[in-house]
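Working notes, structure below.
The values are calculated or read from the model by the stated rules, or taken from the named source; none is laboratory data. If you're wondering where the values come from, they're calculated on a predicted model, not measured in any experiment. Ideal geometry is used to build each Cβ from the backbone, glycine not excepted, and the neighbour counts take in all protein chains shown.
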Amino acid sequence: MPPIVQVALDTPLHRLFDYRLPEGLGEVPPGSLVEVPFGRSVQVGVALGQSAETTVDVDKLREVIQVLRDRPALPAEIIRLAQFCADYYHFPLGAILLAALPPRLKNATAFVADTPWLVLTEAGQAAAPSPRARAQCALLDALRAAPQPRETLRAAKQSRHAAALVAAGWAAWSRLPPSTDNPPPTVTPPAATAEQQAALERLLPVLTQFGVHLIHGITGSGKTELYLCLIDEILSRGRQALVLIPEIALTPQLEQHFRRRFPGRRIATLHSGLAEVARAENWLAGFDCDILLGTRLSVFAPLPRLGLIVVDEEHDASFKQQDGLRYSARDLAIARAKQRDVPAVLGSATPSLESYAQALNGRYQLIELKQRAISAAQLPEIELVDLKHIPLDNGLTRPAMQALTDTLARGEQSLVFLNRRGYAPALYCPSCAWVSPCPSCSARLVLHRAASHSTRPNRLKCHHCGLESRIPSACPNCGNPDLKALGQGTQRLEETLSALLPAARIRRIDRDSMRPRAWAELGDAVHGGAVDILVGTQMLAKGHDFPNMTLALILDTDGALYSPDFRATERLFAQLMQVSGRAGRADKPGRVLIQTAFPDHPLFRYLQRHDYPGYARALLAERRQLDLPPYTRQVLLRAEATTMDAALAFLQRAAALAPAVAEVSVFSATPAPMARVARLERAQLLIQSASRLALQQFVRDWRPQFEQIKPRVARWSLDVDPLTF
Ligand code: ADP
Ligand code: ZN
Ligand code: ZN
């Protein structure tokens, strides 16, 4: 009887697949990547176990094609994390394991890892080649001083000698140079502030074990500095640090800062914007780097010496994946820290209410930084411009314009925040009230102006399904040729400001205007004083820290104040705190102006006092009263179908199959708030329980039941701890 291998494959099925291991393929350690036939194609999968038995007729079993020995096996800890993920998110293990791998490693064609460094091996340290091999001796000496880049060796015609040392086992090619004994940082770390010192006194002693520590520190209080101190300590113990951040493209300064602070250390970055090979290389670098800095997908990177996980801006919605495997990287980071018995440090100026509640009830250690690290930096004055009494002209009020003019006159910089990209949110027909509907979604098409130097015409675009179309020359409904742009987007705002302040140098930041690289360039331009006014969406709020920026103008956030989404005010508050934090960071006082028709909304009271804890407690009290997260746990079953009736019918049948559990409430199926996207109707069914365990068990029993329902809808998915509805 030949050995049978159980292989996890990227399929929607919650099971493993048995394959025969033909003789001659050698050992297959668990986690090995293997190529197998599947259906009429071949797939790369993860070999998980072996046995001598199978429930399938052995003769019918198909054979493993090859074991991909050009790449390392997935370490046991990643398999364990994936298993946790499978249980928690009710998602197939195989699909998770394959999602954890960088795409290039899921491709069976041979992978030649780039190993640009020649480094000394342990055997090489004491080795003594024959004195006659003088070149080899010299190279060995050079390696004892420092690793040598392949390019340099090639240029010096040393490749042959390098190969000889490798053949003798005295040197090896490596992905990363080994970390050197910590050379002094190229930036001098500042002496810790009293608050940072107090935080370190609480954190350093507990770095040896699992624990979740929430650092709530106002913008500029020195959270990043605190992470660096903790990482320094972890590295000195020979361990690795994983640092999760929301969006690496927006924070080139952060990576630089890390590199200057730890010049001898091996720092790898990981995010989905990397080219395929680089992404695989950097993922592999997890095996031997010192610090891995990356976005949510990095939570699955191999880190054999993991000693600390930091989640910066832990409240950021980008940590939750919104399709496929709908995981929260923050929550998985905590699960991973627990499995590895290492600390997890979450940091934010506006923690998620989920995390803050855990800190208040003592499950997380709460560490507060209440003062800005640079003592001269004051918190900005926040003023409201009441739109009920002060008229708007092209989206702007007189006081707002006055503030911009004054700031410009002082030679200081301003930012204008409007969370709506494009020229105008819709095109409008004044004669019949047609408002540019998207034919495929329940949304309006957004008017986008072509750049002034571009020959492309203006377009209508759907921000949900991506549909683009030309601007109709007349109303499609009534034929009126006089269509109007309705409302304000960042492009229009930029145009308005340019007309009103012709002397100002204005730059716009949003997804339409920014390539990741342009972001770094823009940062330099603002720092260098080449920009007076930055106009942009929430991208403005992240990353950069501009000392000469003293005014933040916030337009049109009222939609979020009375939104049906119960998290809308939490998110808005975080956003406004963050944008406000951009004003007046150095020694110049900042000013924030918010245009709103609801100046009496409690959110603004707390915002004006910079009182996150106060607002968080108020929101938490409300959530408790309404039985909402974090006081209850939610799972959403989402369905998409060509008709709303079909989507709802599927969910109603699923609800009928739900096991009766006293602690678990099953609500009625309803159309999703955004009921139609890309020609599919969307509906959802909410399941809720105060007990996480009861809810998990419920879904575990329920899923196999509703999976059987015929006819199928186009798509369904389970969203555990949904963030958006
Ligand atoms: P946060 O991440 O909380 O917004 P940062 O760590 O970026 O804050 O620090 C804000 C600013 O204060 C940075 O310019 C940083 O260099 C500076 N800073 C941080 N800690 C100290 C310190 N202990 N002494 C002096 N400056 C500090
Ligand atoms: Zn019309
Ligand atoms: Zn659309």
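The residues of the stretch 425-453 that are within 16 Å of ligand 3 (Cβ to nearest atom) and hydrophobic (A, V, I, L, M, F, W, C), listed by number, are A426, L427, V435, C438, C441, A443, L445, V446, L447. Checked against the criterion of being surrounded by fewer than 23 Cβ atoms within 10 Å (Cβ to Cβ), in contact with a strand residue (DSSP E or B) (Cβ under 9 Å, 6 or more places away or on another chain), farther than 30 Å from D114 by Cα and among the basic types (K, R), the stretch 317-337 has at least one qualifying residue. R80 meets each of the listed conditions (1) surrounded by 19 or more Cβ atoms within 10 Å (Cβ to Cβ); (2) within 26 Å of the chain's Cα centre (by Cα) apart from (1). Put simply, of A525, A597, A568, A583 the only residue that is closer than 27 Å to A409 by Cα and surrounded by fewer than 22 Cβ atoms within 10 Å (Cβ to Cβ) is A525.
Among the candidates A73, A95, the residue that is surrounded by 17 or more Cβ atoms within 10 Å (Cβ to Cβ), outside any loop (DSSP other than H, G, I, E, B), in contact (Cβ under 8 Å) with a residue 12 or more places away in the chain and of a type in the set (G, A, S) is uniquely A95. Taken over the stretch 36-78, the residue count meeting the criterion of being more than 17 Å from P3 (Cβ to Cβ), touching a strand residue (DSSP E or B) at 6+ places or on another chain (Cβ under 7 Å) and not basic (K, R) is 5. Could you please find all residues in the stretch 441-457 being at pLDDT 75 or above, more than 30 Å from M644 (Cα to Cα) and of a type in the set (K, R)? Hit for the stretch 441-457 is R449, nothing else.
Listed here are the residues, each with its yes/no results for (1) β-branched (V, I, T); (2) touching a Pro at 6+ places or on another chain (Cβ under 9 Å); (3) crowded, with 17+ Cβ neighbours inside 10 Å.
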residue: C475; (1), (2), (3): no, yes, yes
residue: K484; (1), (2), (3): no, yes, no
residue: E495; (1), (2), (3): no, no, yes
residue: P502; (1), (2), (3): no, no, no
residue: I506; (1), (2), (3): yes, no, yes
residue: D510; (1), (2), (3): no, no, yes
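May I ask you to verify whether D87 is charged (D, E, K, R), surrounded by fewer than 17 Cβ atoms within 10 Å (Cβ to Cβ), at pLDDT below 95 and not in a loop (DSSP other than H, G, I, E, B)? So D87 fails the test. Would you confirm whether or not the stretch 9-28 contains a residue that is among the hydroxyl-bearing types (S, T, Y) and surrounded by fewer than 19 Cβ atoms within 10 Å (Cβ to Cβ)? Among the residues of the stretch 9-28, at least one is among the hydroxyl-bearing types (S, T, Y) and surrounded by fewer than 19 Cβ atoms within 10 Å (Cβ to Cβ), which makes the answer yes. Please work out if A552 is within 16 Å of ligand 1 (Cβ to nearest atom) and either assigned to a strand (DSSP E or B) or modelled with pLDDT of 90 or more (or both). So A552 passes the test.
Of all the listed residues (V526, V592, V535), the sole one being more than 16 Å from ligand 2 (Cβ to nearest atom), touching a strand residue (DSSP E or B) at 6+ places or on another chain (Cβ under 9 Å) and closer than 23 Å to H216 by Cα is V592. Going residue by residue through the stretch 190-208, is there one that turns out to be more than 16 Å from ligand 2 (Cβ to nearest atom), surrounded by 18 or more Cβ atoms within 10 Å (Cβ to Cβ) and on the phi > 0 side of the Ramachandran plot? No, that holds for no residue.
The residues of the stretch 234-259 that are surrounded by fewer than 17 Cβ atoms within 10 Å (Cβ to Cβ) and modelled with pLDDT of 90 or more, listed by number, are S236, R237, G238.
Looking only at the stretch 431-451, filter to residues that are buried (at least 18 other Cβ atoms within 10 Å of the Cβ), under 17 Å from Q488 (Cβ atoms) and more than 29 Å from the chain's Cα centre (by Cα); which one of those is farthest from ligand 1 (Cβ to nearest atom)?
Looking at the filtered set, the residue picked out is S436.
Pairs meeting the criteria (first residue in the stretch 252-271 and over 18 Å from S298 (Cα atoms), second residue hydroxyl-bearing (S, T, Y), beta carbons under 6 Å, at least 6 apart or on different chains) are R260/T186; P263/T186; G264/S179; G264/T180; R265/S179.
Kindly indicate whether any position in the stretch 482-496 is part of a loop (DSSP other than H, G, I, E, B), modelled with pLDDT under 95, away from ligand 2 (no atom under 16 Å from the Cβ) and on the phi > 0 side of the Ramachandran plot. Yes, that holds for at least one residue.
One residue stands out in the stretch 29-40 among those that are part of a loop (DSSP other than H, G, I, E, B) and within 34 Å of the chain's Cα centre (by Cα): the one that is surrounded by the most Cβ atoms within 10 Å (Cβ to Cβ), namely S32. L551 falls short on exactly one of the conditions (1) more than 16 Å from ligand 2 (Cβ to nearest atom); (2) within 30 Å of Y428 (Cβ to Cβ), and that condition is (2).
Yes/no matrix, rows are residues, columns are (1) closer than 20 Å to R582 by Cα; (2) in contact with an Asp or Glu (Cβ under 9 Å, 6 or more places away or on another chain):
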{"site": "R492", "(1), (2)": "no, no"}
{"site": "A499", "(1), (2)": "no, no"}
{"site": "R507", "(1), (2)": "yes, yes"}
{"site": "G528", "(1), (2)": "yes, no"}
{"site": "G536", "(1), (2)": "yes, yes"}
{"site": "A552", "(1), (2)": "yes, no"}
{"site": "L555", "(1), (2)": "yes, no"}
{"site": "S563", "(1), (2)": "no, no"}
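Elements of the type strands (runs of 3 or more DSSP E) sitting completely within the stretch 370-463 and holding at least 3 residues that are within 16 Å of ligand 2 (Cβ to nearest atom): these cover 426-428.
Suppose the filter is more than 16 Å from ligand 2 (Cβ to nearest atom), of a type in the set (A, V, I, L, M, F, W, C) and in a loop (DSSP other than H, G, I, E, B); does C475 pass it? Answer is no for this residue. Please find, among T193, T219, T186, T224, the residue that is in contact (Cβ under 8 Å) with a residue 40 or more places away in the chain and touching a Pro at 6+ places or on another chain (Cβ under 8 Å). Sole residue among the options that is in contact (Cβ under 8 Å) with a residue 40 or more places away in the chain and touching a Pro at 6+ places or on another chain (Cβ under 8 Å): T186. Looking at the stretch 681-698 only, could you name the residues that are surrounded by 20 or more Cβ atoms within 10 Å (Cβ to Cβ) and under 24 Å from P92 (Cβ atoms)? Once the filter is applied, which keeps residues that are surrounded by 20 or more Cβ atoms within 10 Å (Cβ to Cβ) and under 24 Å from P92 (Cβ atoms), the stretch 681-698 yields R682, A683, Q684, L685, I687, S689, L695, F698. Applying a threshold of 6 Å to beta carbon distances and a minimum spacing of six or more residues, or different chains, the list of pairs starting in the stretch 335-362 at a residue that is within 20 Å of P205 (Cα to Cα) and ending at one that is part of a loop (DSSP other than H, G, I, E, B) reads A337/F210; K338/F210; D341/Q209; D341/F210; P343/L207; L346/E314.
Which residues, counting only those in the stretch 648-676, are more than 23 Å from K710 (Cα to Cα) and either surrounded by 14 or more Cβ atoms within 10 Å (Cβ to Cβ) or within 16 Å of ligand 3 (Cβ to nearest atom) (or both)? Selection gives V661, V664, S665, P673, M674. With E354, E281 as the choices, which residue is among the acidic types (D, E) and either within 16 Å of ligand 1 (Cβ to nearest atom) or at pLDDT 95 or above (or both)? Selected residue: E354, the only one of E354, E281 that is among the acidic types (D, E) and either within 16 Å of ligand 1 (Cβ to nearest atom) or at pLDDT 95 or above (or both). Against the conditions (1) on the phi < 0 side of the Ramachandran plot; (2) under 28 Å from the mean Cα position of the chain (by Cα); (3) more than 16 Å from ligand 2 (Cβ to nearest atom), R470 satisfies every one except (2).
The residues of the stretch 577-618 that are of a type in the set (A, V, I, L, M), modelled with pLDDT of 95 or more and within 25 Å of the chain's Cα centre (by Cα) amount to a single one, A616.
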